[in-house]
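Notes follow once the structure below has been shown.
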Amino acid sequence: MIQTPTVGFEDRFPTQSQNYIIVPPPKKIPARQRVLAQWRGVDLSPLETAKAVRARAVGDVLPRVMTDLRIDTRRAEAELVKVWNSLIDPNIVAHAQPAGLRKGTLFVNVDSSVWLSEIVRYRRKEILDRLQHSFGKNLIQRISFRVG
């Protein structure tokens, strides 16, 4: 005798334990959005909510803005110029200004090759010693002068 499989109630009507995709009930659309959708001829509310700018706390945004603007670097360079103007001989300050600080090297622009030669030959060590005394030997390790 051949046995035929019986089809039970569970086979025809799946129970909760079987895989179901639960769909949430449709959201109620406010009257204002329905009227706008009818007037426009298209419902743009999902697009509008996607493009809406969410308000964020200043404390969350400010560190990234400061990093993007490189405020710390600019503040350090401004401090470097102040110290340069106060520590270095006014004759040299009139012809040479710091241009930037990268990887321990201070770049200084000099307005003429005559002053470049004067500073490099006779004043480089004095300037480096004064700046290292003020900022520390790790921050300023070398000075590079260039005409510019």
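The values are calculated or read from the model by the stated rules, or taken from the named source; none is laboratory data. A quick note: this is a predicted structure, and the numbers were derived from the prediction, not measured. Heads up, the Cβs are rebuilt from the backbone with ideal geometry, glycines too, and the neighbour counts pull from every protein chain shown.
Below is a table of values for the structure above.
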{"quantity": "Count - residues of the range 88-98 that are surrounded by 14 or more Cβ atoms within 10 Å (Cβ to Cβ) and either outside any loop (DSSP other than H, G, I, E, B) or touching a His at 6+ places or on another chain (Cβ under 9 Å) (or both)", "calculated": "5"}
{"quantity": "Residue match in the range 97-106 (condition: closer than 28 Å to Ser144 by Cβ and among the charged types (D, E, K, R))", "calculated": "yes"}
{"quantity": "Residue list for the range 68-77, restricted to those being surrounded by 10 or more Cβ atoms within 10 Å (Cβ to Cβ) and either touching a Gly at 6+ places or on another chain (Cβ under 7 Å) or part of a helix (DSSP H, G or I) (or both)", "calculated": "Leu69, Ile71, Asp72, Thr73, Arg74, Arg75, Ala76, Glu77"}
{"quantity": "Qualifying residue in the range 86-95 (condition: within 32 Å of the chain's Cα centre (by Cα), closer than 28 Å to Asp111 by Cα and in the same structural domain as Arg123 (by TED's automatic domain parsing))", "calculated": "no"}
{"quantity": "In the range 118-143, the residues that are surrounded by fewer than 13 Cβ atoms within 10 Å (Cβ to Cβ) and either touching a strand residue (DSSP E or B) at 6+ places or on another chain (Cβ under 6 Å) or part of a helix (DSSP H, G or I) (or both)", "calculated": "Arg121, Tyr122, Lys125, Asp129, His133, Arg142"}
{"quantity": "Given (1) without any contact (Cβ under 8 Å) to a residue 24 or more places away in the chain; (2) within 16 Å of Leu128 (Cα to Cα), number of the condition Leu101 does not satisfy", "calculated": "(1)"}
{"quantity": "Sole residue being surrounded by fewer than 11 Cβ atoms within 10 Å (Cβ to Cβ), outside the structural domain of Gly100 (by TED's automatic domain parsing) and at pLDDT below 75, chosen from Val65, Val53", "calculated": "Val53"}
